[in-house]
1. In terms of modelled amide H atoms, which long-range or inter-chain residues lie less than 5 Å from the amide H of residue 490?
2. In nm, to one decimal, how far is the residue 72 label point from the residue 527 one, both placed 7 Å along Cα→Cβ?
3. Report the local net charge at residue 494: Lys and Arg +1, Asp and Glu -1, summed over other residues whose C-beta lies under 14 Å from its C-beta.
4. Using a Förster distance of 22 angstrom, determine the FRET efficiency expected from the C-beta separation of residue 175 and residue 65, and round it to 0.05.
5. Residues of segment 378-503: accessible area per residue at 1.4 Å, in Å²?
6. Order of 370-383, 151-164, 463-476 by packing, highest average Cβ count within 10 Å first?
7. If you put +1 on each Lys and Arg Cβ and -1 on each Asp and Glu Cβ, how big is the dipole of segment 428-528 around its Cα centre, in Debye rounded to 20?
8. With the dipole of segment 308-381 worked out from charges on the C-beta (+1 for Lys and Arg, -1 for Asp and Glu) around the Cα centre, which of 317, 351, 361 lies farthest toward the positive end?
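The values are calculated or read from the model by the stated rules, or taken from the named source; none is laboratory data. Please read these numbers as outputs of a predicted model, since none were measured by experiment. All Cβ positions, even for glycine, are placed from backbone atoms using ideal geometry, and neighbour counts span all protein chains on display. With ligands, DNA and RNA removed, areas are computed over all heavy atoms of the protein, side chains included. Shrake-Rupley method; radii C 1.70, N 1.55, O 1.52, S 1.80 Å.
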Amino acid sequence: MIGTATPAWLVTMWYPPGGIIGASPLVLGGLLLLGLVNSWMVWQVLRGPAPVAVPTRRAATWLRLLLYANVMWLLIPSFLPDLVEVVIGLALWIPALVLLTVVLTGSGWPFRLALLLLGLVEPAGSLSIGLVDDLRPELFVSPAYRATVMAVGVATFVMMVMLLLAQRRDGRWSRATLLIGLGTFASAFLVELVDVLTRGGTIESIAEAMDVLYIVWLARTAHELHREPRQKAPPRVPTAVPAVAALLLLMVVGPECRPHLTYTWQSDELMECWAPSQPPRVADIPAHERDRAYMCSVSKPSGLRVSDRELLGRGWAACARFAAGEQVKARPALLALLCPEVIGRRYPDLLLSSAQIGRQQAEKENIARRQREREAREEDARCRDPWPALRTRFQATASYYDWDSQPYGIYDAEADNEEDSAAIWNAESPGILAASGQLALVFTPSQDWATCVTAKALRSAPPPLRRKGWDQVVEADIVSESGHLVMQTLSASKVRFPNLARSGPGSYRLRLYTRPGVDLILIYPARRAA
């Protein structure tokens, strides 16, 4: 043993090492530090209980004895089997925990009941783990074992935090005792850190001795137990905490607009404005937002630092000159945002809202539509049947005005005519009558007057071609798969043409007679091949 650190180990650790320990500077320095810590721990334990300030309750007396018994059990080296040590430790700690929940004041019974239940998790877990380690070692590495160890560790951590909070609320324990209790968490992390750094070397045993903080906390808890409880006010959240929380929330959410001075701007980006091509109508904007609408719409001089207040002053000066009859450069619609009563005297329409403008526009469109319908009825009344001798109940006559040089058509009402329309329009020279599939278009020459269009549906072929009195006579084929051929609505009078497919589904022949101002269309079944 001479020339080794074994004697120092026996004095400091109070039990023999597992082997010969070399007298390295690191080991001797660690043992010296541990000796100082142990001396401080022994002094804290040997102080004994504090003087009795108030009559001691029996529960507090028994709690003090049990706490000192736990301290002595942790200090005295034991060579008993692990399971026996666990049972003895639980027999000393569980009654002390129960008495702690009874003696503590300042916390409600739900809090103390939760503290007791969490505190019992650690003894139950330790006992079950000890039994498993002794009886079935193969379960040591099972997932259930690891989950149990983790659950016990979490419950012990929460229980210790709740116990320190309860001591603080009780008021009889000093701040130093509470800080030492908090230090027990730091010692656990320190043990793990040293164990990792030394890879399980001799210094690990020295690190394990850092649990002296827990022993000191138990001794100080028993020492100060006879003080008079002081009911403290509930802990208040420091002012800085909500301020920092609000700042973090603002950093995540972000501001509604970019920061800028109240009456100063340097570019359009400093004011969150809309950028309409025309100033907004004054009647659509609340009175308290019209100044901002004016600032968003006014032409700002580039390259100059002009305050909003100065620009508003220029606008009010322009309103005054406008009221005096002087010429101003600003648009009346823009000045109406600042002085609507002045602008409205000469431009009353600028004070109308968008809804009022819409109603006026709709009324104008209704008047124009009724005018077109009246003119269309007059045109329809002037149209006559160009072939009255060829009569049929399935015919109609209406006027058609070629407003935009577009043809009118005959088509199957239930067919998709997009492909047929594309085929006609892609043709090089469709002529005055073009047909494809279930669609036929009539391209009559543009006129400065309405064209009277008459369509007659026949069950059989009409008499031979009669070209006398007509400029052109052409024919084309059309198909109706649904048996429902319709004529496009021609005039605003909405004359309804009958179904032009007299014989139902099948192929039909179209014959167009045309001269200036008159179109005659005959529709009849196509001749079937024998």
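1. Those lying under 5 Å, H to H, from residue 490 are 495.
2. About 13.4 nm, to one decimal.
3. Once all neighbours under 14 Å are counted, the net charge is +2.
4. Details: r = 25 Å, r/R0 = 1.15.
Once rounded, the FRET efficiency stands at 0.30.
5. 57
6. Ranked by mean Cβ neighbours within 10 Å, highest first: 151-164, 370-383, 463-476.
7. On the way: 13 positive and 7 negative charges, 116 e Å.
Approximately 560 debye in magnitude.
8. 317
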